[in-house]
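Visitor: Here's a structure for you.
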Amino acid sequence: MNARRLFLGMLAGNAAGGLVCLLAYGLTLLAKGNAVIVIYPSIFLVPFTIGLVAAWVWRPLALRIGETLLHSLTCMLVGLTAAYVVFHEGAVCLVIGAPIIYLGIIAGALGGRVWFRKAPDRLNLCLAPLLVLAVAGEPALRGPHTGVVTDEIRIAAPPARVWPHVLAFPKIPEAPGYWLFRVGLPYPMETTNSGNFVGADRACIFSGGAVFQEKVAELVPGKVLTFDIVAAPPDPELLGHLDAHRGQFELRDNGDGTTTLIGRTWYSLHVRPAPYFDWWTHDIFRAVHLRVMKHIQHLAESESGA
């Protein structure tokens, strides 16, 4: 009986979280641009709802805190499996989101554990207005979040040797070292271009056949290549979560036969809380930058005999 109620709580909680997402999506469509009137749930508030509903179903079991934490983990795994199978959510996105989803479910489950006690107390009376404040205040955290990631390496070759490989480079033979690349995140393989002039088309080809279509926006031979990303592949790891808008390579002549190669990517982040996912974004773009830049370094230094 206990096992049945535990599983029922997990199903009810995840169903409630799914309904909140569907309701919010429907309201967003009805708002037609007036999104300010729609309380669109964050990746924290949805799992909070899951935990709260699960706690309501579990209330006759009088679970201890440790049991609540354990069953919240199972509840999260049920939800992530459903997101992967039903909504085709990317595995890497689920791995990245799992820690904060778990924290949200725990917060809801522990809050519900107190709230649904048979004997009311002052804390119970405080939880309702606190929840209302959290839901009402959440849209304030949903302003546009943009940023730029910058990385650099030193290459033992002059800019003239480096520049041709910045414009385009052949397939990278090395297997990826970054752990998220190894578990399914697309990684850069090669770059092609249709010409060395402003307006020329470029393509950055990632693993799995994912192609980012680009267009040259700025070209200073031997110094700067800037390109706009005009089309991205419909990859489930990226779709609706992250948009890369512009990329840039800058070469600085160090005056001693070496070059500092700088890579930059400008992006917009569509998931919240921004501080948490921004850290992941920087880590991922840094891995992309360094895979490409180290390949350029290898090509340039090989030609220079370094």
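A quick yes/no check of all residues on (1) modelled with pLDDT of 95 or more; (2) within 11 Å of the chain's Cα centre (by Cα); (3) surrounded by fewer than 20 Cβ atoms within 10 Å (Cβ to Cβ); (4) closer than 18 Å to Phe227 by Cβ:
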position	(1), (2), (3), (4)
Thr259	yes, no, no, no
Thr265	yes, no, no, yes
Leu269	no, yes, yes, no
Ala274	no, yes, yes, no
Thr281	no, yes, no, no
Ile296	yes, no, no, yes
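Visitor: Right, here's the next one. Exactly one of (1) within 23 Å of the chain's Cα centre (by Cα); (2) modelled with pLDDT of 95 or more is unmet by Phe181. Its number?
Guide: Result: Phe181 passes all but (2).
Visitor: Pull up the stretch 126-173, narrow it to residues that are among the acidic types (Asp, Glu) and modelled with pLDDT of 90 or more, then point me to the one that is farthest from Leu52 (Cα to Cα). Steps first, please.
Guide: From the stretch 126-173, those among the acidic types (Asp, Glu) are 138, 151-152; that's our starting set.
Right, trim to modelled with pLDDT of 90 or more and you get 151-152.
Numbers: Asp151: 43, Glu152: 46 Å.
The qualifying residue farthest from Leu52 (Cα to Cα) is Glu152.
Visitor: What are the pairs with Cβ atoms under 6 angstrom where one residue, in the stretch 282-302, is of a type in the set (A, V, I, L, M) and the other, located anywhere, is crowded, with 18+ Cβ neighbours inside 10 Å and in a helix (DSSP H, G or I)? Sequence gap at least six, or different chains.
Guide: Ile296/His165; Leu299/His165; Ala300/Arg161; Ala300/Val162; Ala300/His165
The values are calculated or read from the model by the stated rules, or taken from the named source; none is laboratory data. If you're wondering where the values come from, they're calculated on a predicted model, not measured in any experiment. Because the Cβ atoms are built from the backbone with ideal geometry, glycine has one as well, and the counts that use them run over all protein chains shown.
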